[in-house]
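Step one of this worksheet: look at the structure below.
The values are calculated or read from the model by the stated rules, or taken from the named source; none is laboratory data. Everything numeric here is computed off the predicted structure, so don't read it as measured data. Every residue, glycine as well, gets a Cβ built from its backbone with ideal geometry; the counts of neighbours run over all protein chains shown. Ligands, DNA and RNA are stripped out before the accessible areas are found, and what is left, the full protein with its side chains, is counted by its heavy atoms. Shrake-Rupley method; radii C 1.70, N 1.55, O 1.52, S 1.80 Å.
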Amino acid sequence: MTDVSHDTASRLRILPALLVCAAAPAFFVLEIPWLGWVLLALGLGAAWLRERGRLALELPVSNGAHRPPSLTRDLSLIAVGMLIVSVIPLAAELDNAAMLRFTLALGGAVVVPYVISRFIYRDYAIRFPWRTHQPWGRLQWGWLVAVLVLGWLILPFYFITSGVYENWPVVDTPDLIARLFVGVGAVGIWDELFFICTVFALLRRHFPDLVANLLQMIVFVSFLWELGYREWGPLLTIPFALLQGFIFLRTHSLSYVVTVHLLFDAVVFAVLVHAHNPGMLSIFLV
């Protein structure tokens, strides 16, 4: 195969995934559902046509021979997860009905693709490697400390000077503060289950790690935008999403990326309480 034909094949391979991931900004940034549906349909259709054409040119595979993973199937799992999340508004709310909506939608976005992969496709593409049986090294412990320090320095300035803290409800009672704590932590854990262990893991079956990480970042950052990280928030959420993917590549540990995320979210929680209740937490510079 010539270099030109190889480059063309690579572009054709990434186009369906790019279309599917581009549905995330349509759903969660532009908030135009029909555009998201169209992009998902185009992406899945392009993947199906590409695989159909490839199979027509290949020799039959004997029983027991290894078949490459199906891009159409894997993109369909990502699409199903995004569709489930897109059915609810992602504006942060703390009443019982809102917390139930988040639980059902976000939980479904992880469980449904996993069940389809495990019991319908039977390819075990989605896994949650909680333990690696390897102790965390000095670099990993050091990064946990760095996350707290960087969060303490950057997040108050971002939330308060940009005014995005107002995208979260006022928390001025013990009950609301407790609900905020639970909600922020639960969504943080879900982020890693969906964006890293589902979206990123599925994309890595077809693309180099860098490409897969960039694609999952599109979905990750789009979700965080609707959740409330607006204004110049992407300057923080883009590197955060990429770093989480990179850390997972290095550690292969869900427990570690969840720990990193929860430390980050602990600072987010404290900043939100501080912003809505000036003087309650006098631990920040802003």
Matching entry among 100, 75 (being in a helix (DSSP H, G or I), at pLDDT 95 or above and open to solvent by 70 Å² or more (accessible area, probe 1.4 Å)): 100
Some residue of segment 204-220 being out of contact with any Cys (no Cβ under 7 Å at 6 or more places or on another chain), closer than 22 Å to residue 154 by Cα and open to solvent by less than 20 Å² (accessible area, probe 1.4 Å): yes
Cross-chain or 6+ apart pairs with Cβ under 7 Å, segment 263-282 first and farther than 27 Å from residue 142 by Cβ and modelled with pLDDT of 90 or more, then in a loop (DSSP other than H, G, I, E, B) and acidic (Asp, Glu): 276/172; 277/172
Single unsatisfied condition, residue 124 versus (1) at positive phi; (2) part of a helix (DSSP H, G or I): (2)
Condition check for residue 218: part of a helix (DSSP H, G or I), within 22 Å of residue 89 (Cβ to Cβ) and touching a His at 6+ places or on another chain (Cβ under 8 Å): no
Index of the failed condition, residue 101 passing every other in (1) in contact (Cβ under 8 Å) with a residue 24 or more places away in the chain; (2) out of contact with any helix residue (DSSP H, G or I) (no Cβ under 8 Å at 6 or more places or on another chain); (3) within 21 Å of residue 24 (Cα to Cα): (1)
Positions within segment 103-135 being at pLDDT below 90 and more than 22 Å from the chain's Cα centre (by Cα), in sequence order: 133, 134, 135
In segment 233-268, residue nearest to residue 149 (Cα to Cα) [restricted to those that are open to solvent by less than 50 Å² (accessible area, probe 1.4 Å) and assigned to a loop (DSSP other than H, G, I, E, B)]: 233
